[in-house]
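Structure record follows, encoded as structure tokens.
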Amino acid sequence: QAQLVESGGGLVQPGGSLRLSCVPSEKIFDITNIAWHRQAPGKQRELVAGMSTTGGTNLLDSVKGRFTISIDSAKNTVYLQMDKLKPEDTAVYYCNIHTLTYEYWGQGTQVTVSA
């Protein structure tokens, strides 16, 4: 099975921006849904943003208006654009891709928002 490789995390000041990328090690076919989840220390993993290939999108209330999920189908790459970052956005972010028969998870990338 393909491996998902995330990148783009790091340390950013409050109000700053980051763009996370998720690239499969090989082409993934029959994608039905893509998503980004996050897990902060001591907290449960939560869905941040999800998008179906039919176009429906859902966002965690606290990131609406700040985060955008997208996919470049030609590159088979999933993105999470994060703007106006807040300290409470600090977490490990995980890419998640669903197909008709399988669910892929990335290893996670750390995002730290701090002055």
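The values are calculated or read from the model by the stated rules, or taken from the named source; none is laboratory data. The structure displayed is predicted, hence computed values, not measured ones. Reconstructed Cβ throughout: ideal geometry from the backbone, glycine too, with neighbour counts over all protein chains shown. Note: areas computed on protein heavy atoms with side chains; ligands, DNA, RNA excluded. Shrake-Rupley method; radii C 1.70, N 1.55, O 1.52, S 1.80 Å.
Kindly provide the set of residues from segment 76-89 that are farther than 14 Å from residue 23 by Cα, within 13 Å of the chain's Cα centre (by Cα) and either open to solvent by less than 40 Å² (accessible area, probe 1.4 Å) or of a type in the set (Lys, Arg) (or both), ordered by number.
82, 89
Here are the criteria: (1) surrounded by 14 or more Cβ atoms within 10 Å (Cβ to Cβ); (2) under 16 Å from residue 29 (Cα atoms). Tell me which single one residue 106 does not satisfy.
(2)
Return the residue satisfying two criteria in turn: it lies in segment 46-75 and is at pLDDT below 95 and more than 14 Å from the chain's Cα centre (by Cα), and of such residues it is farthest from residue 16 (Cα to Cα).
54
Matching residues to (1) over 30 Å from residue 115 (Cα atoms); (2) not hydroxyl-bearing (Ser, Thr, Tyr):
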| site | (1), (2) |
| --- | --- |
| 5 | no, yes |
| 30 | yes, yes |
| 34 | yes, yes |
| 42 | no, yes |
| 101 | yes, no |
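I'm checking my understanding of the structure. Among residues of segment 10-56 that are touching a Lys or Arg at 6+ places or on another chain (Cβ under 9 Å), on the phi < 0 side of the Ramachandran plot and outside any strand (DSSP E or B), which one is most open to solvent (accessible area, probe 1.4 Å)? Give the steps one after another, and end with the answer.
The first filter runs over segment 10-56 and keeps only residues touching a Lys or Arg at 6+ places or on another chain (Cβ under 9 Å), leaving 14-17, 23, 37-39, 45-48.
Going one step further and asking which of them are on the phi < 0 side of the Ramachandran plot, we end up with 14, 16-17, 23, 37-39, 45-48.
Narrowing the set further to residues that are outside any strand (DSSP E or B) leaves 14, 16-17, 45.
Working: 14: 65, 16: 19, 17: 62, 45: 102 Å².
The residue in question is 45.
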